[in-house]
Amino acid sequence: MADSTDTKSSNQMWGGRFASGPDAIMEEINASIGFDKKLFAQDIRGSIAHATMLAHQGIISAEDKDKIVQGLNTILSEIESGNFEFSRKLEDIHMNVEARLATLIGPAAGRLHTARSRNDQVALDFRLWVKEELQKTERMLTDLIAAFLDRAEEHAETVMPGFTHLQTAQPVTFGHHCMAYVEMFGRDRSRVRHAIEHLDESPIGSAALAGTGYPIDRHMTAKALGFREPTRNSIDTVSDRDFAIEFLALAAICSMHLSRLAEEIVIWSTPQFGFVRLSDAFSTGSSIMPQKKNPDAAELVRAKTGRINGSLIALLTIMKGLPLAYSKDMQEDKEQVFDAAESLELAIAAMTGMVRDLTINTARMKAAAGSGYSTATDLADWLVREAGLPFRDAHHVTGRAVALAESKGCDLAELPLADLQAINAAISDKVYDVLTVEASVASRKSFGGTAPSEVRKQIAYWRARN
């Protein structure tokens, strides 16, 4: 009776899902095939390059190499067509492919793993996958930048309020505002390119951690797989996940930029702002309020940032306490990267669509641009230029003019000249030339400024490099 109770207690401890007890638990925690099967193409590509090199070096026969390559191509076709059966008992993509290869070609399959380990094999597969994902991200960012360049050119003279603290600060052009995001996403693309350069080294041939005694040619496999060169330290190679962390870091920064843009679209599309309107393609309605048009696409882009940030912190935490070289903890790297990559792709694609799709309310933007005494700085600058006042004195005079306009309930440009001269006698009627929003933006011709002429120069610069 006691034995029966103990068995029941044990089963309860392991949980109903694991009817077989500890063995089932170990299979569940150890298996990675549920997610690393995503690496099948990279795994097969790496194995073909490795087998070709082994034959070239005389380590395996040409006949065995041909059988291996033919078998691997058959497996690739089976997986791509959905006719391959993955087994959790075989743990990972490497063992699933190797077991199927043995079924297809017999003993020759056993020669494929000569001079390599699953440690350098997974490092290779994962690097190849991340490199391809980075190349895809680079192309998507180029498309997003192009979308912004088109909108900036279209609205190089469209006046809108520029904000600090989300308070009206100075008039700017919508084209200039668009070009701010071109700069942001341009930096993101530079980070992508640097990340590709950093990871462009082939891990295969490092074996478990110490290299191998076989006369392999790592430069041959590196070239065959499109890497710049082989890695230079076998211990570092199998224990390194910097390339994955760097991908997540740049993804987090890029998604932060996307989130800031999404936030502006959410704010600008409110009736209170009314600067932009999203089409039905990127909006949803309310289940009970028929008048509502919700910017759900922008909100979801904003939310994806949290997932991507979480993936970065997760992998940093996984890696922070690991001794050299490989530890099983590193199996937890891929799900974080796969999830972040999917989220980033979706966010960039959605934002590119929204940027191209936005309807801009130019009249509403212009009306808002003159609110909040946004040309006050232009008055202060005029006093420095034309009246010779020190800027601090000009700032004080302008503050008094703003206070007077506020008390009268009018804009600075609507103040009578006599009222302005009562504040400072040096003010003449020429001051009204700088108090319109159009004059304000046109005057900002400093390099990188908001003047339409400068915006067009920056558009031309970016078009040449995009």
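The values are calculated or read from the model by the stated rules, or taken from the named source; none is laboratory data. Worth saying up front: this structure is predicted, and the values here are computed from it rather than measured. FYI the Cβ positions are ideal-geometry reconstructions off the backbone, even for glycines, and counts take in every protein chain you see. In case anyone asks, the SASA skips ligands and DNA or RNA and just uses the protein heavy atoms, side chains included. Shrake-Rupley method; radii C 1.70, N 1.55, O 1.52, S 1.80 Å.
Candidate cross-link partners of K320 among the lysines, defined by an alpha-carbon separation under 20 Å and a same-chain spacing of 8 or more, comprise K328, K334.
The H on the amide N of M160, modeled in the peptide plane, is under 5 Å from the matching H of V172, T173, F174, each at least 5 residues off or on a different chain.
Take every pair of alpha-carbon atoms less than 8 Å apart whose residues are at least six positions apart; their mean separation over the length of the range 372-458 yields a relative contact order of 27 percent.
With the cut-off at 28 Å, report for the chain the share of all Cα pairs above it, as a whole percent.
The proportion of pairs with Cα distances above 28 Å equals 65 percent.
Taking the Cα centre of the range 352-466 as origin and assigning +1 to Lys and Arg Cβ atoms and -1 to Asp and Glu Cβ atoms, the resulting dipole is close to 700 debye. Taken over the C-alpha atoms, the range 266-425 has Rg and Dmax values of 26.3, 80 angstrom.
When the accessible area of the chain is computed with all protein chains present and a 1.4 Å probe, what percentage of it is carbon and sulfur? Show your work: numbers first, answer last.
Values: 11770 of 22470 Å².
Of the solvent-accessible surface of the chain, carbon and sulfur hold 52 percent.
As a length-normalised measure over Cα pairs under 8 Å and 6 or more apart, the relative contact order of the chain settles at 16 percent. Using alpha carbons only, the radius of gyration of the range 118-364 set against its Kirkwood radius gives Rg/Rh = 1.09.
Among the trypsin sites (Lys or Arg not before Pro) found in the range 384-466, those both in a DSSP coil and sparsely packed, with 16 or fewer other Cβ atoms within 10 Å of their Cβ, are K445.
Rounded to the nearest 10 degrees, the inclination of helix 452-465 to the longest alpha-carbon principal axis of the chain is 20 degrees. The residues of the chain expose, per residue, 48 Å² of accessible area to a 1.4 Å probe. For the range 93-194, applying the loop criterion from DSSP together with a ceiling of 11 other beta carbons within 10 Å to the GluC sites (Glu not before Pro) yields no site. Near S202, the amide H atoms lying under 5 Å from its own belong to E229, T231; only residues 5 or more places off or on other chains count, and H is placed 1.01 Å from N.
Annotation for the range 297-327: trypsin sites (Lys or Arg not before Pro) lying in DSSP loop with at most 14 further Cβ atoms inside 10 Å of their Cβ are K320. For the chain, the longest principal axis of the Cα atoms and the long axis of helix 391-408 meet at an angle of about 80 degrees.
Could you check what % of the DSSP bridge pairs in the range 130-242 are antiparallel, to the nearest 5?
Among the beta bridges of the range 130-242, antiparallel pairing accounts for roughly 75 percent.
Shown for the range 372-458 is the translational diffusion coefficient from the Stokes-Einstein equation, using the Kirkwood radius over Cα pairs, a temperature of 10 °C and a viscosity of 1.306 mPa s: 119 µm²/s.
Could you sort out which of K136/K304; K136/K366; K89/K223; K65/K223 sit more than 28 Å apart by Cα distance in this structure?
Over 28 Å Cα-Cα: K136/K366; K89/K223.
In order along the range 351-356, phi translates into HN-Hα couplings of 5, 4, x, 5, 4, 6 Hz, rounded to whole numbers, per the Karplus curve 6.51 cos²θ - 1.76 cosθ + 1.60 with θ = phi - 60° and x for Gly and Pro.
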